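Since the structure comes first, as structure tokens, the remarks are kept for the end.
Derivation of every value follows stated rules applied to the coordinates shown; laboratory data play no part. This one's a predicted model, so the numbers in the text were calculated from it and none came from an experiment. Positions of Cβ are backbone-derived with ideal geometry, glycine not excepted, and every protein chain shown enters the neighbour counts.
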Amino acid sequence: MTKKLFIQAVAKFLIGVIAIGVLLFLSAWTFQWLNAWLLIGILFIPMFFAGIVMMFKNPELLKKRLNTKEQQVEQQLVIKLSGLMFVIGFVIAGLNFRFRWLIMPDWVTWASAAVFLLSYLLYAEVLRENTYLSRTVEVQENQKIIDTGLYGIVRHPMYSVTVILFLSMPLVLGSVISFAVFLMYPAIIVKRIRNEEQVLEAELQGYTEYKKKVRYRLIPFVW
């Protein structure tokens with residue numbers, strides 16, 4: 001662990017908390033919104049502790065996860081579309097709460113929160129299985145194929161988990177309209193995977209054979 005990595009991790013964490021808080025509470029025009037506090041809690045509290053663990057046990061992985069500077073032009077577009085989706089989705093969720101457009105029942109919120117936390121555990125398992133996981137599309141030095149555990153079921157389990165995480169968010173916020181916005185994400189991630197697999201097949205030794213062994217990319221028996 002270095003001082004620079006520590007500062008970078010803390011800064012990005014705080015920026016994330018503040019940015020989502022502003023989008024939600026400003027659009028809702030109140031801090032008295034339980035769903036928003038619940039989402040912030042289940043999103044950032046596990047992230048905080050996971051960051052601490054990585055900082056001391058695997059700082060190199062943390063460094064990779066903090067790097068979001070994509071070199072691929074197609075991936076830069078994917079990042080921009082994802083960011084736009086989050087902004088629109090969170091603002092609509094806040095407005096939905098503020099003006100009481102379509103409010104979902106409380107059980108949906110709590111069930112979605114449970115799914116979100118379960119997905120976080122799967123997210124942690126993916127990180128444990130694959131220490132090459134970068135936030136950017138690239139082939140790292142000495143990178144090897146991981147074909148066990150979740151990687152023996154689908155080729156991109158991290159994306160499978162993030163689909164569940166992100167689709168759970170608007171439901172935790174109780175907004176079906178926001179959920180419709182977040183349905184953009186599966187289409188966005190399909191675009192990312194197609195480009196990523198071109199890079200991996202061209203640059204990562206053994207990836208073509210891995211594709212034959214593990215047939216599905218994102219969802220078992222579907223795609």
For this session: Along each of the three principal axes of the Cα atoms of the chain, give the extent in whole Å, ordering the values from largest to smallest.
Result: 54, 44, 31
For this session: Specify the angular offset, from 0 to 90 degrees and rounded to the nearest 10, of the alpha carbon long axis of helix 106-129 from the longest principal axis of the alpha carbons in the chain.
Result: 20
Exercise. Hey, if you put +1 on the Cβ of every Lys and Arg and -1 on every Asp and Glu Cβ in the chain, which of 170, 91, 26 ends up farthest toward the positive end of that dipole?
Worked result: 26
Problem set entry | Pairs from 12/80; 57/144; 63/144; 57/213; 80/212 whose Cα-Cα separation, in the structure shown, is over 25 Å | 57/213; 80/212
For this session: Taking the chain as the reference, fit the longest principal axis to its C-alpha atoms, fit the long axis of helix 157-172 to the helix C-alpha atoms, and give the angle between the two in degrees, 0 to 90, nearest 10.
Result: 0
Seminar exercise, completed: At 4 °C in a medium of viscosity 1.567 mPa s, segment 151-223 has a Stokes-Einstein diffusion coefficient, with Rh taken as the Kirkwood radius over alpha carbon pairs, in µm² per second, of 97
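For residue 151, what is the net charge nearby, where nearby means another residue's Cβ is under 15 Å from its Cβ and Lys, Arg count +1, Asp, Glu -1?
+2
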For this session: Work out the length of the dipole vector of segment 79-223 about its Cα centre, built from +1 on the beta-carbon of each Lys and Arg and -1 on the beta-carbon of each Asp and Glu, and round it to the nearest 20 debye.
Result: 360
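Given only helices, namely DSSP H runs of n ≥ 4 each adding -39500 (n - 2.57), what is the per-residue ellipticity at 222 nm of the chain, to the nearest 500 deg cm²/dmol? All intermediate terms of the calculation are to be shown ahead of the outcome.
On the way: 9 runs with 159 residues, N = 223.
-24000 deg cm²/dmol, from helical runs alone.
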Problem set entry | Contact order normalised by residue count of the chain, Cα under 8 Å, 6+ apart, percent | 27
Exercise. Relative to the longest principal axis of the chain, what angle (0 to 90°, nearest 10) does the C-alpha long axis of helix 184-203 take?
Worked result: 10
